[in-house]
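Notes follow once the structure below has been shown.
The values are calculated or read from the model by the stated rules, or taken from the named source; none is laboratory data. Everything numeric here is computed off the predicted structure, so don't read it as measured data. Cβ coordinates were reconstructed from backbone atoms using ideal geometry, including for glycine residues, and neighbour counts include every protein chain displayed. Heavy atoms of the whole protein, side chains included, go into the accessibility calculation; ligands, DNA and RNA do not. Shrake-Rupley method; radii C 1.70, N 1.55, O 1.52, S 1.80 Å.
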Amino acid sequence: MSNIPIQPFQFPGLKTAQPLFIKREDLIHPVISGNKFWKLKYNLQRAKELGKNTLITFGGAMSNHIVATAAAGKENGFKTIGIIRGEEIADKWQDNLSLKEASKSGMEFYFVQRGEYRLKEKSEYIRSFLSLISDYYLVPEGGTNELAVKGAAEILNEDTSDFDIITTAMGTGGTLSGLSVGAKPHQHIIGFPALKNAQFLVKEILKLTDKENFTVNLDNYFGGYAKVTSELIDFINDFYLLNNIPLDPVYTGKMIFGLREMIRKGEISSDKRILAIHTGGLQGIREMNKRLKQQNKQIIIT
Ligand SMILES: *Cc1c(COP(=O)(O)O)cnc(C)c1O
């Protein structure tokens with residue numbers, strides 16, 4: 001697909017002559033947004049080839065992957081089941097705008113305690129639930145597997161071959177692995193994890209790509225996964241007002257912030273052409289704004 005817009009952008013608070021562009025994968029589909037579209041592409045194809053009628057996957061209450069899998073299942077004629085982290089949400093999931101969206105696409109939920117959730121299919125509890133369902137295709141948490149990497153590699157194509165540095169936000173590292181696989185020999189990938197203590201991701205990525213054409217910047221997680229600060233929200237809003245490009249608070253906002261810090265510190269040579277991948281995630285803004293409002297804090301402008 002070579003019709004995804006690549007747009008120039010500027011950082012709020014930093015004037016620079018560095019060539020800065022962003023590939024708007026967030027525009028690829030209204031709900032199966034950004035990297036999730038690519039990560040699901042070959043998994044959906046495989047599930048169809050295997051004749052499966054149900055997709056089962058894992059996620060937290062704010063998960064873009066859950067919402068995307070629900071929508072992709074609906075579009076492709078699969079039933080979908082989400083195994084959701086946190087038993088306590090079972091009787092109040094309707095308050096969560098992301099889960100409500102997934103439910104609208106027909107997803108059914110199975111809420112499990114955090115300890116069981118951590119074990120995934122190794123949990124007896126989850127295994128006994130799975131054994132009740134006849135014929136399903138299991139998509140891993142965050143959607144990352146070899147087929148996801150194959151799909152994510154297609155984010156890079158003839159439109160992107162002039163860029164020297166490609167940047168992406170990271171959760172599981174599946175998208176970065178795909179970019180590593182899809183990159184030209186002259187291209188280098190920089191990943192920005194949205195979580196704390198993300199050093200372990202490097203080992204995970206090296207299981208999915210043979211190349212060492214990437215670095216992981218561990219500095220800009222803003223307290224941890226799905227956590228935000230007023231500095232981050234202000235940055236996202238300033239970026240939107242300056243470029244008319246929305247960023248999400250969990251992933252892409254932290255990535256662009258981290259990229260600005262690297263350029264400010266001179267960590268990237270000023271002649272390198274940079275392409276940031278907008279991996280989507282904008283559906284999460286509504287739930288984040290609901291929470292920020294409850295705390296009387298500045299919300300994200302939309
Ligand atoms: C899921 C997600 C990511 C993380 O992708 P990984 O392949 O798990 O690293 C990044 N950005 C957005 C917007 C996402 O929704």
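So THR229 ticks every box in (1) over 26 Å from GLY174 (Cβ atoms); (2) open to solvent by less than 30 Å² (accessible area, probe 1.4 Å) but one. Which box is left unticked?
Checking THR229 against (1) over 26 Å from GLY174 (Cβ atoms); (2) open to solvent by less than 30 Å² (accessible area, probe 1.4 Å), the one that fails is (2).
From the residues in the range 23-41 that are open to solvent by 30 Å² or more (accessible area, probe 1.4 Å) and not in a loop (DSSP other than H, G, I, E, B), which one is nearest to ASN145 (Cα to Cα)?
Only one residue fits best here, namely LYS41.
Report every pair of residues separated by at least 6 positions or lying on different chains whose Cβ atoms are under 7 Å apart, first residue within the range 50-72 and among the hydroxyl-bearing types (Ser, Thr, Tyr), second in a loop (DSSP other than H, G, I, E, B) and open to solvent by 10 Å² or more (accessible area, probe 1.4 Å).
THR54/PHE78; THR54/ILE133; THR54/ASP135
Among the listed residues SER128, SER103, SER134, identify the single one that is outside any helix (DSSP H, G or I), hydroxyl-bearing (Ser, Thr, Tyr) and away from the ligand (no atom under 14 Å from the Cβ).
Working: SER128 fails: outside any helix (DSSP H, G or I); SER103 fails: outside any helix (DSSP H, G or I).
The match here is SER134.
Looking at the range 232-282, which of the residues that are farther than 23 Å from ASN64 by Cβ and aliphatic (A, V, I, L, M) is surrounded by the fewest Cβ atoms within 10 Å (Cβ to Cβ)?
Ranking the candidates gives LEU241 first.
Determine which member of the set LYS74, LYS52 is assigned to a loop (DSSP other than H, G, I, E, B) and among the charged types (D, E, K, R). Before you say what the answer is, go through the steps one by one.
Working: LYS74 fails: assigned to a loop (DSSP other than H, G, I, E, B).
Unique residue meeting the criteria: LYS52.
How about the range 104-119: which of its residues are among the polar types (S, T, N, Q) and open to solvent by 40 Å² or more (accessible area, probe 1.4 Å)? Spell out how you get there, then give the answer.
The first filter runs over the range 104-119 and keeps only residues among the polar types (S, T, N, Q), leaving 105, 113.
GLN113, the sole residue that qualifies.
Checking the conditions here, which among GLY73, GLY60 is within 13 Å of the ligand (Cβ to nearest atom) and among the small types (Gly, Ala, Ser)? It would help to see each step written out before you state the result.
On the way: GLY73 fails: within 13 Å of the ligand (Cβ to nearest atom).
Within the list GLY73, GLY60, the selection yields GLY60.
Can you tell me which residue is farthest from the ligand (Cβ to nearest atom) among those in the range 106-125 that are assigned to a loop (DSSP other than H, G, I, E, B) and either under 24 Å from the mean Cα position of the chain (by Cα) or closer than 19 Å to ALA47 by Cβ (or both)? Steps first, answer last, please.
Filtering the range 106-125 for residues assigned to a loop (DSSP other than H, G, I, E, B) gives 106-107, 113, 123.
Filter again for either under 24 Å from the mean Cα position of the chain (by Cα) or closer than 19 Å to ALA47 by Cβ (or both), leaving 106-107, 113.
Working: GLY106: 20, MET107: 16, GLN113: 23 Å.
Among them, the one singled out is GLN113.
Name the residues in the range 283-302 that are open to solvent by 80 Å² or more (accessible area, probe 1.4 Å) and within 15 Å of the ligand (Cβ to nearest atom), would you? First the steps, then the outcome.
Here is the first cut: in the range 283-302, the ones open to solvent by 80 Å² or more (accessible area, probe 1.4 Å) are 286, 291, 293-298, 302.
Once the filter is applied, which keeps residues that are open to solvent by 80 Å² or more (accessible area, probe 1.4 Å) and within 15 Å of the ligand (Cβ to nearest atom), the range 283-302 yields only ARG286.
Table: residues versus (1) under 13 Å from the mean Cα position of the chain (by Cα); (2) free of Cβ contacts under 8 Å to residues at least 40 places away in the same chain; (3) open to solvent by 30 Å² or more (accessible area, probe 1.4 Å).
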site: LEU156; (1), (2), (3): no, yes, no
site: ILE165; (1), (2), (3): no, no, no
site: MET170; (1), (2), (3): yes, no, no
site: THR175; (1), (2), (3): yes, no, no
site: SER180; (1), (2), (3): no, yes, no
site: LEU195; (1), (2), (3): yes, yes, yes
site: VAL202; (1), (2), (3): no, yes, yes
site: LYS211; (1), (2), (3): no, yes, yes
site: ASP219; (1), (2), (3): no, no, yes
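Could you list, in sequence order, the residues of the range 158-182 that are β-branched (Val, Ile, Thr) and within 11 Å of the ligand (Cβ to nearest atom)? I'd like the intermediate steps shown before the answer.
If we filter the range 158-182 for residues that are β-branched (Val, Ile, Thr), which is where we start, we get 160, 165-168, 172, 175, 181.
Correct list: THR168, THR172, THR175.
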